[in-house]
Amino acid sequence: MASRPNIVIFNDTHGWHSRQLVDALARYNITAILADLADCTIDLDTKNGLAIPGLNNSLPDAIIVRGIAPGTLEQITLRMDILHTLAELNVPVFNTAKAIEHTVDKARTSLRLHLAGINTPKTWACESINKAHDIAAQQFKQGHTLVLKPLFGCQGKGIEKITSLAELKQQAPIGDAFYLQQYITPLTPNQWQDWRILVIDGKVIASMSRHSKHWITNFAQGADCLAAAINDDMAALAINATKAVNAAYAGVDIIQTQNGDYTVLEVNSVPAWKGLHQATRIDIADQLAQAMARRITPSDITEHAQY
């Protein structure tokens, strides 16, 4: 009897999302192994050059990346080395190091979207404080408000709305890098809304609208999340944004501008889905499990599901 395929779920802290994935994968006769990229070793004494906890120097059938702990440049580089190598060894990695690199760095995401011709707010990124002040002064002169964001960050943490040069001068950008983006004014004054759209393998799986009385609309920041239908333009924008960053799956944040157009605020290649699940009741973990099963089980996976 063939052994059950195994998938490693990488995260530095395993909680609700990991439990959801473990249960969903089990329904497709797949064993989940919980591990942390920080605990992996590059070891040239092994056949494949890698040692992953729980695998006895063998390779997994696939990888799901749920999180990567903060660390030094050297630590993050080692973790990316492991993900790159797994993909080079033809292990399906969901999402790949390339996709994560395209999205964890907001400037890289903005460039990928812009070069793919996808609507995204006007953005500037630089190291020079004088250049940042010059850009901001020109934007304020034109009547625009700016948002200062950390280059690396999530869940709306560390971002500031800037309305004057004096306000910008009071900010100390993280890592001495300035990432400035034009602020999108809401259609209805003081009623902020955007959409989170989850795309898996080129298809929209779930979508919700996020409503807040504060301009930061993240679920983690207390926004109200509601199931929402989206139109074809929004779906195409989310799918194309996911492709632009080379992600197999992603959470795409879209906002509507005052002229009625839709624009991509962010693409997250390691998206949380608790708020989306609560809003839509869609079993996101099961959708991800199906996508993984397709990668390691060529036959009709529904025949192997255990209910």
note = For the chain, the longest principal axis of the Cα atoms and the Cα long axis of helix 232-244 enclose an angle in degrees, to the nearest 10, of 70 degrees
remark   = Treating only Lys and Arg (+1) and Asp and Glu (-1) as charged, each at its beta carbon, one finds that the chain has a dipole about its Cα centre, in Debye to the nearest 20, of 560 debye
ask   = With the chain treated as a Gaussian network of Cα nodes joined by springs under 10 Å, which of 97, 250, 229 yields the largest mean-square fluctuation?
value = 229
Mean Cα-pair separation over length for the chain, i.e. relative contact order, pairs under 8 Å, 6 or more apart, % = 19 percent
Degrees, to the nearest 10: 16-26 long Cα axis against longest axis of the chain = 40 degrees
inquiry  = So if each residue of separation counts as 0.36 nm, and I subtract the Cα-Cα distance between residue 213 and residue 41, what length gain in nm does that give?
reply    = 57.3 nm
ask   = Extension gain residue 73-residue 130, at 0.36 nm per residue separation less the Cα-Cα distance, in nm?
value = 17.9 nm
task = Compare the peptides 180-190, 98-108 by average per-residue count of other Cβ atoms within 10 angstrom and give them in order, highest first.
result = 98-108, 180-190
note = Once normalised by the length of the range 187-281, the mean sequence separation of its alpha carbon contacts under 8 Å that are 6 or more apart gives a contact order in percent of 30 percent
Spacing of the two label points (7 Å from each Cα toward its C-beta) at residue 108 and residue 31, in nm = 3.3 nm
key: Neighbour-limited loop hits for trypsin sites (Lys or Arg not before Pro), the range 158-255 (at most 12 other Cβ within 10 Å; DSSP other than H, G, I, E, B)   = 213
ask   = Taking Cα pairs under 8 Å and at least six residues apart, what relative contact order does the range 6-94 come out at, in percent?
value = 32 percent
ask   = Say each of residue 89 and residue 256 gets a label point 7 Å from the Cα, pointing the same way as Cα to Cβ; how far apart are those two points in nm?
value = 4.9 nm
note = As straight-line cross-link partners of residue 131, the qualifying lysines (C-alpha separation under 20 Å, not fewer than 8 residues apart within one chain) are 106, 122, 141, 149, 161, 169
message = Compute, for the range 214-280, the length of the dipole vector about the Cα centre, with Cβ point charges of +1 (Lys, Arg) and -1 (Asp, Glu) only. Units Debye, rounded to 20.
response = 220 debye
query = Between residue 81 and residue 167, what is the FRET efficiency for a Förster distance of 41 Å, r being their Cβ-Cβ separation, to the nearest 0.05?
reply = 0.55
inquiry  = Nearest 500 deg cm²/dmol is fine: what mean residue ellipticity at 222 nm does the chain get from its DSSP H runs of n ≥ 4 alone, each adding -39,500 (n - 2.57), divided by its residue count?
reply    = -9500 deg cm²/dmol
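None of the figures in this text is laboratory data; all of them are computed from the coordinates on show. Just so it is clear, the structure is predicted and the values come from calculations on it, not from any experiment. Cβ atoms come from the backbone with ideal geometry, glycine included; neighbour counts cover every protein chain shown.
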